[in-house]
1. Go through (1) over 21 Å from Asp95 (Cβ atoms); (2) buried (at least 24 other Cβ atoms within 10 Å of the Cβ) for Asn273 and report which single condition fails.
2. Regarding Ala255, is this residue in contact with a helix residue (DSSP H, G or I) (Cβ under 8 Å, 6 or more places away or on another chain) and either buried (at least 23 other Cβ atoms within 10 Å of the Cβ) or in a helix (DSSP H, G or I) (or both)?
3. Which of the residues spanning region 110-129 are under 20 Å from Arg183 (Cβ atoms) and open to solvent by 10 Å² or more (accessible area, probe 1.4 Å)?
4. Please work out which one of (1) touching a Leu at 6+ places or on another chain (Cβ under 7 Å); (2) under 20 Å from Gly349 (Cα atoms); (3) touching a residue at least 60 places away in the same chain (Cβ under 8 Å) is the condition Leu232 fails and give its number.
5. Give the number of residues within region 279-294 that are part of a loop (DSSP other than H, G, I, E, B) and open to solvent by less than 70 Å² (accessible area, probe 1.4 Å).
6. Report, ordered by the first and then the second residue, all pairs with beta carbons closer than 9 Å, sequence separation of six or more or different chains, a first member in region 145-163 that is farther than 16 Å from Thr210 by Cβ and in a loop (DSSP other than H, G, I, E, B), and a second member that is of a type in the set (Lys, Arg) and open to solvent by 10 Å² or more (accessible area, probe 1.4 Å).
Amino acid sequence: MREDTQEQLHRLRSLRMAAGLTIDELAVRSGVSPRTIGGIERHRIRRPHRGTLRALGAALGLDGVDAGQLRPAGGQVAGVTGLPGVTTHFTGRHDDLTWLATRLEHRHAVQLIGLPGAGKTALAVQAATDLAGRFPDGVRFLGPVADATAATIARRLLPPSDASSHGPDRVAIGAYRDLLRSRRILVVLDDVRDDHQVGPLLPPDALGVTLITGRHPLTGLAVTDRRLVPPLPAADARAALDTMVDGTAPAPAVAALAAGCGGLPLALRVAANRLLTRPQWSAQWLVDRLARPERVLDALVAGDLSVRDAFERTYAGLPVQARRAVRLLTGPAGPLPAEAGFLDLAERGWVTTGRGHRYEPHPLVRAFARVAAGT
């Protein structure tokens with residue numbers, strides 16, 4: 001299979017997740033069967049029909065979908081390229097959006113980090129959409145970056161017509177750095193895992209701006225500002241969940257579910273999906289499940305959306321001391337001592353810092369600690 005076609009398949013799940021859609025919901029929007037979508041994402045269907053990819057791209061709100069790809073194939077830099085559609089139930093985040101509007105005006109690169117499922121990608125997409133007018137040379141989105149090297153990222157973001165994209169690694173990286181120096185462009189890199197993936201791509205004299213989302217802080221990037229994306233405040237979480245269920249659940253149940261989800265957008269989306277797709281289940285049944293720490297993660301699964309899976313993927317990449325600190329969270333509820341590793345968790349939003357250098361975990365982090373500890 002051609003490399004550029006394979007890239008589209010790798011991107012489908014990230015684009016769908018960024019849009020807050022399950023496989024079934026994307027199937028309804030696109031007219032493509034859930035089995036086909038699942039097969040593409042798992043790479044079991046390695047040569048999907050171009051019409052299928054066009055339908056998926058259109059359903060995801062991609063701009064300029066052409067030639068059966070999930071991003072435009074043309075060589076133009078100007079315009080929005082591959083940016084997922086904004087999440088329809090995006091709520092709140094006014095302070096975060098204001099901060100991004102300021103930093104993206106004055107900095108060469110900005111990082112968004114936070115708990116798994118905190119909505120980092122959705123926030124980045126919303127900000128990029130809102131601020132696209134500030135970037136006359138366009139907006140580009142690439143993700144998940146996963147384990148891609150700096151050279152691979154450069155090749156994917158350079159216009160296909162640029163011969164440098166087919167040259168040696170140093171040539172491709174040099175051409176991309178020149179692009180950032182000469183164009184007022186916003187590049188969104190989603191799910192970056194390592195400093196070395198993006199450090200070589202960020203010239204200190206860049207005219208373009210890079211917005212990075214990731215599970216871990218990239219401490220080796222001196223040219224960036226970093227912001228921790230927290231769970232939604234209680235009022236915003238209730239409003240978001242009420243929008244997701246289209247007002248079909250009573251207000252007390254919505255409030256209880258939002259609290260049980262700890263304001264985590266992924267958890268809210270899963271809870272809404274379970275209510276909408278299983279009308280035979282009462283909202284109170286789900287409220288009761290979320291109130292039981294040993295069952296809460298089992299309740300927060302809908303199709304391929306799983307809070308537990310999101311935590312497990314991020315936990316695997318935590319430093320050793322931080323993983324040990326997570327396992328210590330199986331103790332009684334309450335503030336935690338200043339144990340080595342909790343500072344790492346605080347930097348990532350897994351715990352919050354209280355008085356006396358003590359730490360309080362997010363409720364879903366405490367529930368996940370039982371899984372991590374094997375209890």
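The values are calculated or read from the model by the stated rules, or taken from the named source; none is laboratory data. Since the model is a prediction, treat every value here as computed from it, not as a measurement. As a convention, Cβ positions derive from the backbone with ideal geometry for all residues, glycine included, and neighbour counts pool all protein chains shown. Note: areas computed on protein heavy atoms with side chains; ligands, DNA, RNA excluded. Shrake-Rupley method; radii C 1.70, N 1.55, O 1.52, S 1.80 Å.
1. Every listed condition holds for Asn273 apart from (2).
2. The answer is yes for Ala255.
3. Listed by number, the list holds a single entry, Thr129.
4. (1)
5. So the count comes out to 1.
6. Asp147/Arg193
Listed here are the residues, each with its yes/no results for (1) modelled with pLDDT of 85 or more; (2) touching a Ser or Thr at 6+ places or on another chain (Cβ under 7 Å); (3) of a type outside the set (Ser, Thr, Tyr).
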site: Asn273; (1), (2), (3): no, yes, yes
site: Asp309; (1), (2), (3): yes, no, yes
site: Ala333; (1), (2), (3): no, no, yes
site: Val351; (1), (2), (3): yes, no, yes
site: Gly356; (1), (2), (3): no, no, yes
site: Pro363; (1), (2), (3): yes, no, yes
site: Ala367; (1), (2), (3): yes, no, yes
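Conditions (1) surrounded by fewer than 19 Cβ atoms within 10 Å (Cβ to Cβ); (2) of a type in the set (Lys, Arg); (3) in contact with a strand residue (DSSP E or B) (Cβ under 9 Å, 6 or more places away or on another chain), marked per residue:
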{"position": "Ala148", "(1), (2), (3)": "no, no, yes"}
{"position": "Arg155", "(1), (2), (3)": "no, yes, no"}
{"position": "Asp195", "(1), (2), (3)": "yes, no, no"}
{"position": "Gly199", "(1), (2), (3)": "yes, no, no"}
